[in-house]
Amino acid sequence: MTNEERIVLVTGAGSGIGRATARAFAAQGARVVAVGRGRPALESTAAGHPAVDVLAGDLAADGGPERIAAAVADRYGRLDVLVNNAGVVRSAPLGELRREAVHEQVATNLVAPALLTRSVLPLLTAARGVVVNVSTSVGQRGWPGNSVYAATKGGLEALTRSWAVELAPQVRVVAVAPGAVDTPIVRGLPPERLAALRAWQLAHTPAGRIGRPAEVAWAITQLADPAASFVTGAVLAVDGGAVVA
């Protein structure tokens, strides 16, 4: 199958890694469905990229995954690649965890991708498609102050391995685990906390720099490529060596 024939669904496509991934697939000739909560951000992703279609929706809301899946089925009738990228970080040390923040991270980072993948599974199975989950390599070593986020991404990696076995050979399931990447997910922190986070990340990244969203998007497109047909159940670190240092 050529890239021109593929339908790709990318969640969290309004910024950061999701935006870069949507544009990268579109540049390859795929038709991309950019999903996110905010239409203006999604329209910014699609601007200048006619192969990117906008589909606004909250995957953490009741019925959200099912509505997105139904819209894709009605509009395109197929799905070849699902990129579960949407996620939220609510930083706090253990002693300051708030129930609402815990539930929000679990709902967005773990429950939503599970329910969305279930909802689009008939389409993926028919197309012998690919699921790419976006995890985090930082959490594989321990991320002080972000334990719940790291735990949800660890759970997503467990789903990746389990689904790879459960859904084979019809559907491949893989994951990428980005390290420190310059995305809006942390830019809302107060300046002093952001500076401390960047210092900690750089100290734990042998490459000596912060990654770019396009570098993670490249890895996602490569894992989803038909040429990677013998790769399933793998979690690829894209982290400047952080996980092995």
Could you line up Asp58, Asp74 from fewest to most neighbouring Cβ atoms inside 10 Å? Asp74, Asp58
C-alpha long axis of helix 213-224 to longest principal axis of the chain, angle in °: 40 degrees
With a Förster distance of 30 angstrom and the Cβ-Cβ distance between Glu5 and Asp62, calculated FRET efficiency to the nearest 0.05 equals 0.35
Rounded to the nearest 0.05, what FRET efficiency do Arg118 and Glu192 give with R0 = 51 Å and r taken as the Cβ-Cβ distance? Could you check? 0.75
With the Cα gyration tensor of the range 160-230 in hand, give its eigenvalues times 5 under a square root as the equivalent ellipsoid semi-axes, listed largest first in whole angstrom. 32, 13, 11
On a 0 to 90° scale, report how tilted helix 64-76 is relative to the longest principal axis of the chain, with both axes built from alpha carbons and the result rounded to the nearest 10. 40 degrees
Return the whole-Å distance between the Cα centroid of the range 119-159 and the Cα centroid of the range 37-77. 20 Å
Which value in deg cm²/dmol, rounded to the nearest 500, describes the helix-derived mean residue ellipticity at 222 nm for the chain, given -39,500 (n - 2.57) per DSSP H run of n ≥ 4 and division by the residue count? -13500 deg cm²/dmol
For the range 3-237, what is the convex hull (Cα atoms) projected area averaged across all directions, in square nanometres? 12.3 nm²
Charge tally in the Cβ shell below 10 Å around Gly129, where Lys, Arg are +1 and Asp, Glu are -1, Gly129 excluded: +3
Would you mind telling me which residue in Gly129, Gly57, Gly12 has the biggest mean-square fluctuation in a Gaussian network model of the chain, where springs connect alpha carbons within a distance under 10 angstrom? Gly57
Amide H contacts under 5 Å for Val54, restricted to residues at least 5 apart in sequence or on another chain and with H modeled in the peptide plane, are Ala34
What size of dipole, in debye to the nearest 20, comes out for the range 3-237 about its Cα centre when the only charges are +1 on Lys and Arg C-beta atoms and -1 on Asp and Glu C-beta atoms? 300 debye
Return the single residue from Trp143, Trp218, Trp200 with maximal mean-square fluctuation; model: Gaussian network over the chain, springs between Cα atoms under 10 Å. Trp200
Taking the Cα-to-Cβ direction at Ser162 and at Arg128 and moving 7 Å from each Cα, how far apart do the two end points lie in nm? 2.7 nm
Between the range 180-245 and the range 12-29, what's the alpha-carbon centroid distance in Å? 15 Å
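All of the numbers you see were taken from the coordinates with simple rules; none came from a lab. Please read all numbers here as calculations on a predicted model, not as lab measurements. A quick note on method: Cβ atoms are made from the backbone with ideal geometry, for glycine too, and the neighbour counts reach across all protein chains shown.
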